[in-house]
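Below is one structure; the comments refer to it alone.
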Amino acid sequence: FEMTDTRSFGNLRRKTTVQPPMGGLKTCHFSHVDADPHEVALWVLLKRTRSANKAIRLQAIQELAENHHWHDYQYQTAAQVIDQGTAVGLARTPQVDLRFFLRSPALPDLEDVTEDGLRQLLASLPQSEVDKCVQYFTSLALRESTQSLAAQRGGLWCFGGNGLPYAQSLTSVPSEKVESFCLQALVQHSKSHCDHIVANGGLQLLQRVYQLRRDSLKIQRNIVRIIGNLALNEGVHQAITQSGWVSVLAEMMQSPHVMQASHAARALANLDRETVKEKYQDGVYILHPQTRCNQPIKADVLFIHGILGAAFKTWRQKDRNMLEEEKEAESRDDYTECWPKSWLAADCPNLRVLSVEYDSHLSDWMAKCPAENQRKSLAYRSRELLKKLKLAGVGERPVVWVAHSMGGLLVKKMLLDASEDPDMHGLLKNTKGIMFYSVPHHGTFMAEYSVNVRYLLFPSVEVRELCKDSPALRNLNENFLNMAKEKEIKVLSFAETLPTNIGPMIKILVVPTQSANLGIGELIEVDVDHLNICKPEKKDSFLYKRSLQFILEALQSYISH
């Protein structure tokens with residue numbers, strides 16, 4: 001291997017000849033080198049990242065990232081010569097120096113071109129292979145774009161097709177809203193029209209929108225969600241890398257916002273075929289480990305939110321009042337946006353912690369999708385999630401499920417469905433424990449309240465599935481109990497004892513203790529309301545400590561403390 005062009009390698013002044021390695025790369029011999037050892041070390045590591053031996057490649061990437069004494073020009077050298085696999089590996093290294101990555105090219109700040117580009121991209125995508133809801137929202141996005149442009153000219157803008165125009169000055173707000181609509185439609189298309197999006201310049205266009213909307217965390221997340229979906233297709237990995245996305249994802253991984261970091265972590269895991277065999281589909285997020293780690297993963301803990309919940313906000317820390325915050329000011333390190341990612345990962349580093357998100361609504365629009373009804377049933381959600389979890393490798397290791405509210409009914413349905421599918425028997429066999437936070441096993445009294453009150457809590461599930469002692473719930477519970485006893489699955493249930501505020505006028509006990517009582521395992525009543533039952537106040541609170549104890553006990557023969 002010879003290198004005669006030494007410009008990019010700084011202090012290397014003469015032709016450098018490296019003898020072929022004997023017994024590995026450690027014995028490289030350099031002759032005629034006018035370079036300090038530090039310079040040679042960088043060059044050797046860069047060469048090792050291209051080794052045919054995977055272990056040598058991985059070690060070289062780790063050493064590159066861990067050495068914090070490179071000079072600026074050396075980072076520039078590395079950024080110019082590293083290959084795709086090395087770039088992704090560095091991006092998945094904790095707190096990597098961002099100078100290792102070529103920056104995304106600066107793009108002209110043209111909002112109208114950006115909005116027009118998104119509309120053109122959407123219009124170019126086929127309507128095949130997407131369900132009726134995606135077709136509906138695509139047409140809505142395109143319609144809203146046109147309405148928005150017309151409304152801007154007149155100083156008015158119609159929001160979301162609900163027919164309520166309001167005065168709007170000519171600012172960037174309408175463009176940003178239209179972009180948001182288009183991006184949500186693209187999120188759905190990116191699951192089936194990956195090649196079309198890439199071929200029509202989607203990666204570059206999304207890069208432009210990302211740079212233009214750096215002040216909008218939500219738009220950034222939707223864009224990275226699209227990149228994460230595209231990354232499920234290995235055929236476009238090179239295009240993703242070449243269009244500058246690895247540097248964007250590496251930077252986003254270091255965001256203090258748990259949602260930003262987790263969206264980036266999912267996209268990078270899907271790009272990292274060197275060390276990750278699983279694929280994380282839309283809505284499946286890795287909370288730990290989000291970077292490459294040397295610690296072997298022994299088991300999985302899977303968090304399933306309820307209706308109106310989400311993969312992150314459901315599991316945040318309980319909000320404190322002002323007085324408590326003043327008292328606790330000295331212990332801010334105890335604060336977390338997402339306790340499974342912060343507290344549980346720290347206490348159990350050899351667990352993989354996943355959080356699942358499923359759509360209560362396909363979008364933020366007020367419009368009803370004509371095909372929405374099929375999405376309401378537990379059966380539909382169960383089928384969809386089981387497919388995603390199988391691709392994520394759930395079931396290959398011991399599993400503990402953690403579910404809040406309606407999420408617990410979904411877990412029971414998924415495990416019953418898995419028992420009838422030979423391909424999913426591993427998931428059932430490896431389920432070691434389930435933790436239920438205020439799950440309405442026997443229904444809720446919500447059916448006795450007005451439609452408006454029911455809608456606030458359970459907008460996407462048919463009321464008859466929630467009625468107290470409904471036949472559907474009774475069958476689900478009986479079948480699950482039989483299976484759980486046969487498989488000796490450990491169960492812990494928490495029940496709320498405080499009423500929940502529903503709007504300004506109504507306070508109700510959403511899931512009474514008798515409904516939260518599954519009939520097996522321990523049942524613990526906690527003095528909190530329905531929304532806070534899964535949000536521990538602090539790390540040393542009873543709610544967290546008892547939850548941690550259950551997870552450790554369920555997995556004690558598989559993980560070391």
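What follows is calculated from the coordinates using simple rules that are stated; it is not laboratory data. Worth saying up front: this structure is predicted, and the values here are computed from it rather than measured. No Cβ is skipped: glycine too gets one built from the backbone with ideal geometry, and neighbour counts run over all protein chains shown.
Summary table
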quantity	calculated
Cut-off 10 Å between beta-carbons: net charge of the residues surrounding residue 50, Lys and Arg +1, Asp and Glu -1	+2
Sites residue 54 and residue 335, calculated FRET efficiency, Cβ-Cβ separation with R0 41 Å, nearest 0.05	0.55
Residues 410, 46 arranged by fewest to most Cβ contacts within 10 Å	46, 410
Length added when fully stretched, residue 487-residue 128, from 0.36 nm per residue minus Cα-Cα	125.0 nm
Counted charge near residue 436, where neighbours are those whose Cβ lies closer than 12 Å (Asp, Glu -1; Lys, Arg +1)	0
For residue 502, residues with placed amide H under 5 Å, excluding near neighbours	507, 508
Average projected area [Cα convex hull, the range 202-241], square nanometres	2.6
Distance between the range 402-444 and the range 174-202 - C-alpha centres, whole angstrom	34
Pairs beyond 26 Å (Cα-Cα), from 218/539; 387/539; 313/507; 313/539; 341/545; 318/545	218/539; 387/539
Fewest-first sequence of 483, 253, 406 by Cβ atoms within 10 Å of each Cβ	483, 253, 406
Tail beyond 19 Å, pair distance distribution of the range 252-320 (Cα, percent)	39
Radius 10 Å from Cβ of residue 509, net charge of other residues (Lys, Arg +1; Asp, Glu -1)	-1
189, 38 arranged by Cβ crowding within 10 Å, fewest neighbours leading	38, 189
At R0 = 35 Å, FRET efficiency that the Cβ-Cβ distance of residue 497 and residue 383 yields, to 0.05	0.50
Kirkwood hydrodynamic radius (C-alpha pairs) into Stokes-Einstein, the range 189-329, 10 °C and 1.306 mPa s, D in µm²/s	96
Residue 81/residue 196 FRET efficiency (R0 25 Å; Cβ-Cβ; nearest 0.05)	0.20
